[in-house]
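Accompanying notes for the structure given below.
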Amino acid sequence: MKTTLIFFFLAIFLVSSPALAEKPDWAGKGKPSVEQKKAHNSAMEAKESIRNDVEEEREKGEKVKTEKEMKLKKQGDEVKGLEKQKAKKSEQVQKELDKGSEQGQEARETRKKWWRFWGE
C-alpha cells in the first residue's frame, strides 16, 4: 500500500511539474508591433539575398569544376598518347642488346631508367 502511494505521488509530481514552471520572458506579450514586423521582414530579405549569393557561388564553383573535368579529360587523352608511344618504344628492337657479355645483356633488358622514381 505504501509503495502504491509513493508511486502515485511521484507520478502526480512528474506530471504537474511542467505546469508549475515559470513562463518565459517573451511569452504572453501580445502581437508584435509594426516596427518589429518590418525588422523581421528586412532580416528575412537579407537572409534570402545571402542564400541567393551562396547559390550563385555554388553554381560558379560547379562551372569551374566542369571546366577542370574537361581539362582532365583532355590530359587523359594525352596520357593515352603517351601510352601508345611507350608501347611503340617497347616494341622497337634495341641495338645494344646483342653486344657485351650475357650478364650485361640481362642487365640491360631488366633495367629501369634513373629518372623514373615510380614503378611502371
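So, R0 is 35 Å and r is the distance between the beta-carbons of GLU67 and LYS89; what FRET efficiency does that work out to, to 0.05? Don't skip to the answer; put the middle values down first.
On the way: r = 33 Å, r/R0 = 0.95.
Approximately 0.60, to the nearest 0.05.
Placing a pseudo-label 7 Å from each Cα along the Cα-to-Cβ vector at LYS74 and THR110 gives an inter-label distance of 4.3 nm. Available extension along the chain between VAL34 and ILE50 is 3.3 nm, counting 0.36 nm per residue and deducting the alpha carbon span. Bridging of LYS88 to lysines at a Cα separation below 29 Å is possible for LYS71, LYS73, LYS74, LYS80, LYS99, LYS112, LYS113, once same-chain residues fewer than 8 apart are set aside.
For region 33-85, the orientation-averaged shadow of the C-alpha convex hull comes to 3.3 nm² (one quarter of the hull surface).
Each value in this text was obtained by applying a stated rule to the coordinates, not by laboratory testing. Note that the structure is predicted; figures quoted are calculated from it, not measured. All Cβ positions, even for glycine, are placed from backbone atoms using ideal geometry, and neighbour counts span all protein chains on display.
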